[in-house]
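Take a look at the structure set out below.
The values are calculated or read from the model by the stated rules, or taken from the named source; none is laboratory data. Note that this is a predicted model, so its numbers are computed, not measured. Here the Cβ positions follow ideal geometry from the backbone for every residue, glycine too, while neighbour counts run over all protein chains shown.
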Amino acid sequence: MARPQSHRDVTDSLPSKFLRTFGNIPFGVSLLALWGVLTLIGVVVEQNQGSDAYFAAYPAPIARAILRMNFDDIYHSVWYLASIGLVLVSMTTATFTKVIPRRLPPYRPVKIDAIPLHVNVNVKGDPASVRDRVEAFFKKHGFEVRRRDFDGTEWSFADRFNWARVGVLVNHLAILIIAAGTIVYWARGFSGETAILTGQAAQMPQTRDIVRLDGFAYRIQPIMTKSGVVYQPIDYVSHVSVTRRDGVPTPMVVRVNHPIDLDGTLLYQASYGFGMRFALTHDGRATPALSDRTLMEGDALDLPGTSRSIVYERFVPTLDRRTGAPSADPRVTDPAVVLTIADAGSPIGSVLVPLRSSLDVGGGWRIVPQRDVIYSGFQYRYDPGVPLVAVGAVLLLVGLVISFYFLPARLHVRVDPAADGSSTVGLAATTVKGYDIFETQFRELVAHLESEVS
């Protein structure tokens, strides 16, 4: 009768089962695939939006699934952090159970003839003197030689670039450090964007810093090409005043590719555009409540007492005076706006309206685009994991250089006495990258050995 498995037997098997599972390469690859799928979801699904935005963009069942599974903030979700943790555990386990034993094999005797790269060379002299000469030969050619005794039989082991065996370990360590830096960003970092009209201010919610746009300037350079004139942006410059926790405004300048650093939070110049002030009248009388607003592209004005609304679609810097159509010139010379009239939420037409000209929108309402107000688009980001990612990137580069440009090789050498009083040198070569890649070097080394030692 079989003995029932005890609690001790079960617990003793758990570590081995854990090591077999998480050290399994296909299992680790599947975890990486899961991580990649979750990352792709974060790219496809717009993050950190209100629930209404998801119900507007997706069918109701998909929108509910996105919200319930925290796919609207996936990079901070349990699913995402758990996938990263499992990947790190799998990589660490595989490194210590598979990579290290294979990359750093112990010194042990081998069957010379069973290894594909092997040769037997007859050398004159007794085994002791031949062994010394062979070891001196390998040292001369840049090998590190160690001698070991196994049950009375002496073996010599000649290693070249033995230190390069750790190249893959450096790569694994680099990936772990990069992953750690990414986790630090997800745990403590943040990012966002905002658009600020000239003369107005916005507050970054995470840092409470207040950024006021005092002025914005840009330069456009017309360049003649074979296909026509191309308008090349030269520079975008935002002059801002930043009020920190001390309450004192500090003038700063933000340029493209030259962000300002607010105690680790980088504020980037991302875009610019034009807000618009409109004057609305009803039956010839001004309506200050609707005329005091500055609209951004996409904003709408609802007309009281009607089902109609006016959407400010976009700003046109220059009209082509010959055709009356928008010009490709982004410099503001003869501006207009594109307005869309909607009735009960359904668009009924779009109109190009030059500045300071009026448009009758029906029901006694008339709209006049009066003045453009330039705004600057900013992106801000705080990433405390950048130093870790930078260190990991450097280590990854070092590991790749080691792995691709240095070939660790070990030569197993045994010297036996021959029948004619000479000695037989048995030589076998192993590498971490297979036998074919070292075959040419092995043949050349054997040829030098035969000419210098024999």
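Only one of the numbered conditions (1) more than 30 Å from VAL134 (Cα to Cα); (2) at pLDDT below 90; (3) surrounded by 17 or more Cβ atoms within 10 Å (Cβ to Cβ) is not met by GLY167, and that is (1).
Looking only at region 176-215, filter to residues that are of a type in the set (A, V, I, L, M) and either part of a loop (DSSP other than H, G, I, E, B) or in contact with a Pro (Cβ under 6 Å, 6 or more places away or on another chain) (or both); which one of those is modelled with the highest pLDDT? Applying the filter and picking the extreme gives MET204. Taking residues in region 428-454 that are without any contact (Cβ under 8 Å) to a residue 60 or more places away in the chain, and partners anywhere that are of a type outside the set (Val, Ile, Thr) and part of a helix (DSSP H, G or I), the pairs with Cβ atoms closer than 8 Å and at least 6 places apart or on different chains are THR431/PHE438. Within region 222-235, no residue that is assigned by TED's automatic domain parsing to the domain that holds SER327 sits with its Cβ atom under 6 Å from a residue that is assigned to a strand (DSSP E or B) and of a type in the set (Ser, Thr, Tyr) at 6+ positions apart or across chains.
In region 309-337, the residue that is farthest from ARG356 (Cα to Cα) out of those that are outside any loop (DSSP other than H, G, I, E, B) and among the polar types (S, T, N, Q) is SER309. Checked against the criterion of being surrounded by 13 or more Cβ atoms within 10 Å (Cβ to Cβ), part of a strand (DSSP E or B), of a type in the set (Ser, Thr, Tyr) and over 34 Å from the mean Cα position of the chain (by Cα), the candidates THR340, THR306 yield just one match: THR340. Number of residues in region 191-218 that are crowded, with 16+ Cβ neighbours inside 10 Å, in contact with a Lys or Arg (Cβ under 8 Å, 6 or more places away or on another chain) and not small (Gly, Ala, Ser): the value is 2. Among the residues of region 80-94, is any more than 26 Å from LEU169 (Cβ to Cβ) and not acidic (Asp, Glu)? Yes: region 80-94 contains one or more residues that are more than 26 Å from LEU169 (Cβ to Cβ) and not acidic (Asp, Glu).
Residues of region 428-448 include at least one that is among the hydroxyl-bearing types (Ser, Thr, Tyr) and assigned to a helix (DSSP H, G or I).
Scanning region 61-81 for residues that are within 17 Å of ARG188 (Cα to Cα) and not acidic (Asp, Glu) gives ILE74, TYR75, HIS76, SER77, VAL78, TYR80, LEU81. Note on region 55-75: residues that are touching a helix residue (DSSP H, G or I) at 6+ places or on another chain (Cβ under 6 Å) and in contact (Cβ under 8 Å) with a residue 24 or more places away in the chain total 4. Note on region 417-454: among residues that are of a type in the set (Val, Ile, Thr) and surrounded by 14 or more Cβ atoms within 10 Å (Cβ to Cβ), the one that is farthest from ASN122 (Cα to Cα) is VAL432. Taken over region 353-369, residues that are without any contact (Cβ under 8 Å) to a residue 60 or more places away in the chain and part of a loop (DSSP other than H, G, I, E, B) amount to 4. Is there a residue being touching a Leu at 6+ places or on another chain (Cβ under 7 Å), hydrophobic (A, V, I, L, M, F, W, C) and surrounded by 14 or more Cβ atoms within 10 Å (Cβ to Cβ) anywhere in region 124-131? No - not one qualifying residue is present in region 124-131. Look at ASP52 and say whether it is at pLDDT 80 or above, outside any loop (DSSP other than H, G, I, E, B), charged (D, E, K, R) and under 30 Å from PHE406 (Cβ atoms). No, not satisfied. Do the conditions hold for ALA33, that is, is it modelled with pLDDT of 85 or more and either within 16 Å of THR95 (Cα to Cα) or among the hydrophobic types (A, V, I, L, M, F, W, C) (or both)? Considered against the rule, which asks whether it is modelled with pLDDT of 85 or more and either within 16 Å of THR95 (Cα to Cα) or among the hydrophobic types (A, V, I, L, M, F, W, C) (or both), ALA33 comes out as yes.
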